[in-house]
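Here is the structure we will look at.
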Amino acid sequence: MNFDYSPKVQEMRERLLAFFDAHIYPNERRFFEEVETNRRAGNAWIPSRLIESLKPLAREAGLWNLFLPMSSRAPEGLSNLEYAPLCEIMGRVSWAAEVFNCSAPDTGNMETIERYGSEALKTRWLEPLLRGEMRSAFLMTEPEVASSDATNIQCRIERDGDDYVINGVKWWSSGAGDPRCAVYIVMGKTDPEAGRHVQQSMVIVPANTPGVTILRPLSVYGYDDAPHGHMEIALKNVRVPVSNLLLGEGRGFEIAQGRLGPGRIHHCMRSIGAAERALELMCERAVSRVAFGKTLAQQTVTQERIAESRCSIEQARLLTLKAAYMMDTVGNKGAKAEIAMIKIVAPNMALKVIDWAVQVYGGMGISDDTPLALMWAHQRTLRFADGPDEVHRNSLAKLELARYLKLPGAKVQMPITRGS
């Protein structure tokens, strides 16, 4: 495995860093001020003029749709390993990825339609998404069941002639609050009597379909993430053509596994960027703030946390790069252990670094005067998004134990200890 940046990636990385210096960092607070101005005027759910003004500049800079590998519709797409250092930079500011058309859940939805959709669906939905003309949402999680087990979902997708009729309630439908959100990918059950992992299907649902009702936005530690939002949505007798089905009936769980692999590693890449930003802020504060006659940087506890942060970031970055390399070389299924590992490691690592940065800032760190509080809320949420830590740990443990259970019926032999 060679994780050196190729000349192409190195040049793109420098170009992206320059873009951040020129357009992202100077406008970081302006984005939130714009949202707050809209909120005071009575509607925070308005697309950001700032982000829309920066998108053409990103396209001109050749920093557009970098996330999608091996697609004729997005020739600028990079491999997972190439994309990793660029996605990491995008994670340094919470809203930055959208500027480059590389934000969730659109990236996962675009990759899903590219991999599993018909040509007609790609023309209708994928192409305008790739152009940044609309947004999308992914509707899987439900309030009434433990959705960490995707086989629990209750939303029904029933065939009625040339249509599917959908009934259910979804929540944490990220992106559905944006008025530009024009399309949903919905996961539901087409055959509750089938095998446990072939009951589910996925279908494309236009957001303006009759029977779709947005019930409410959900907040994350007090943040509603407007104008993006995480919505609770009711689907009542929603009709879509059978041709809107992705891949085939009973293949929704299969699609979910394929979709969530890239989504998970993209989150982890951005987590590393957030942690790097937090460490920078920690160090800047530490060298400039005096307490008990010394700068915070001279305090041993601060030095230890800075050193531990650097070690943790480097470890997580290497594991992310390994997972990306595996996805590129043996596919998402072959890299499932590495993807599970990094999904466990990266958000927890970022939370630790951000928390230590908050401590260095003191009371200011828990306010909105720095990006740290919002960064912490986002990273804590990632311990649920695309599967909670516990599910990934269980999956990883089963993969590990499988190495010791080579024969049907084999048992792990426990060591004999004194007194047994």
The convex hull of the Cα atoms of the stretch 135-250, divided by residue count, gives a volume in Å³ per residue of 94 Å³
Only Cα pairs under 8 Å and at least 6 apart count here; give the relative contact order of the chain as a rounded whole percent.
14 percent
State the label only: which of (1) 24.1; (2) 21.7; (3) 22.8 corresponds to Kirkwood radius over Cα pairs in Å computed from the shown model?
(3)
To the nearest 0.05, how large is the calculated FRET efficiency for Asn152 and Val287 if R₀ is 51 Å and r is the Cβ-Cβ distance?
0.50
What percent do you get for the relative contact order of the stretch 142-254 when only Cα pairs under 8 Å and 6+ apart count?
33 percent
Globularity ratio of the stretch 253-402, using Cα Rg and 2.2 N^0.38 Å:
1.17
Kirkwood estimate for the stretch 205-252, i.e. one over the average of 1/r between Cα atoms, Å
12.9 Å
Quick check on packing: order 388-397, 181-190 by the mean number of other C-beta atoms within 10 Å, highest mean leading.
181-190, 388-397
Put +1 on the Cβ of every Lys and Arg and -1 on every Asp and Glu Cβ in the chain; which of Val391, Ser136, Cys155 then has its Cα farthest towards the positive end of the dipole?
Val391
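Could you work out the mean projected area of the convex hull around the alpha carbons of the stretch 7-130, in square nanometres to one decimal? Let's see the in-between values first.
Values: hull surface 32.5 nm².
For the Cα atoms of the stretch 7-130, the hull's average projected area reads 8.1 nm².
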Considering only the chain, percent of DSSP beta bridges that pair antiparallel, nearest 5:
85 percent
Got the relative contact order for the stretch 253-402 handy, in percent, Cα pairs under 8 Å and 6 or more residues apart?
29 percent
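Only the coordinates and a few stated rules stand behind these numbers; no lab work does. In this text, all values refer to a predicted model and were calculated from it rather than measured experimentally. Ideal geometry is used to build each Cβ from the backbone, glycine not excepted, and the neighbour counts take in all protein chains shown.
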